[in-house]
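Q: Here it is, the structure, as structure tokens.
The values are calculated or read from the model by the stated rules, or taken from the named source; none is laboratory data. A quick note: this is a predicted structure, and the numbers were derived from the prediction, not measured. Quick reminder, even Gly has a Cβ in these numbers, built from the backbone with ideal geometry, and neighbours come from all protein chains shown. The area values use the complete protein model at the heavy-atom level, side chains included, leaving out ligands, DNA and RNA. Shrake-Rupley method; radii C 1.70, N 1.55, O 1.52, S 1.80 Å.
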Amino acid sequence: QVQLVESGGGLVQHGGSLRLSCAASGRTFSGYVMGWFRQAPEKEREFVGVISRSGGTTLYADSVKGRFTIYRDNTKNTVYLQMNNLNPEDTAVYYCAADRGPLLHRVTHEYDYWGQGTQVTVSS
């Protein structure tokens, strides 16, 4: 069992930056592939990015590539989502998720554990 808690969301202006954190407790954090997803009102949850167990490999959705960066600190059991150059279309609840891996998945049903989400709102 893995418990995930996201933090760092908030209100930011168009063009601004935020860093989300996802702290994990429970079993060995480094044994999990970690993904970030988001869900805007009345839309399906969508893939944002994913990072391998070691942190050496990342994949991103085209919509965030070049603006968002995922990294992890296995000594702190935490994965981060650095979001730069935010725009109103990035407004959503952001979720982190854990998968036993080793493949890097882009779909929600491959992930075993989810956090409660943190709201990100980007004003125009």
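Q: Do you know which residues across the range 1-40 are in contact (Cβ under 8 Å) with a residue 12 or more places away in the chain, open to solvent by 80 Å² or more (accessible area, probe 1.4 Å), assigned to a loop (DSSP other than H, G, I, E, B) and out of contact with any Pro (no Cβ under 8 Å at 6 or more places or on another chain)?
A: Scanning the range 1-40 gives GLN1, ARG27.
Q: Moving on. I'm trying to understand the selection: among the residues of the range 57-73, which are closer than 14 Å to VAL33 by Cβ and β-branched (Val, Ile, Thr)?
A: THR57, THR58, ILE70
Q: Taking the range 71-83 as the search range and keeping residues that are of a type outside the set (Phe, Trp, Tyr) and open to solvent by 60 Å² or more (accessible area, probe 1.4 Å), which one is farthest from LEU18 (Cα to Cα)?
A: Ranking the candidates gives THR75 first.
Q: Here's a follow-up. Give VAL48, VAL120, VAL93, VAL64 a once-over and let me know the one that is surrounded by 15 or more Cβ atoms within 10 Å (Cβ to Cβ), out of contact with any Phe, Trp or Tyr (no Cβ under 7 Å at 6 or more places or on another chain) and outside any loop (DSSP other than H, G, I, E, B).
A: On the way: VAL48 fails: out of contact with any Phe, Trp or Tyr (no Cβ under 7 Å at 6 or more places or on another chain); VAL120 fails: out of contact with any Phe, Trp or Tyr (no Cβ under 7 Å at 6 or more places or on another chain); VAL64 fails: outside any loop (DSSP other than H, G, I, E, B).
Within the list VAL48, VAL120, VAL93, VAL64, the selection yields VAL93.
Q: Hey, any hits in the range 80-87 for a residue that's touching an Asp or Glu at 6+ places or on another chain (Cβ under 8 Å) and farther than 14 Å from TRP36 by Cα?
A: For the range 80-87, residues touching an Asp or Glu at 6+ places or on another chain (Cβ under 8 Å) and farther than 14 Å from TRP36 by Cα: absent.
Q: Within the range 96-111, which residues are in contact with a helix residue (DSSP H, G or I) (Cβ under 9 Å, 6 or more places away or on another chain) and open to solvent by less than 60 Å² (accessible area, probe 1.4 Å)?
A: Within the range 96-111, ALA97, ALA98, ASP99, GLY101 qualify.
Q: Restricting the search to the range 62-92, which residues are among the small types (Gly, Ala, Ser) and without any contact (Cβ under 8 Å) to a residue 24 or more places away in the chain?
A: If the condition is that a residue be among the small types (Gly, Ala, Ser) and without any contact (Cβ under 8 Å) to a residue 24 or more places away in the chain, then GLY66 is the only one that fits.
Q: Here's a follow-up. I need every pair where a residue in the range 101-124 that is over 18 Å from SER21 (Cβ atoms) has its Cβ under 7 Å from the Cβ of a residue that is β-branched (Val, Ile, Thr) and surrounded by fewer than 15 Cβ atoms within 10 Å (Cβ to Cβ), sequence separation at least 6 or different chains.
A: Cβ pairs passing all conditions: LEU104/THR57.
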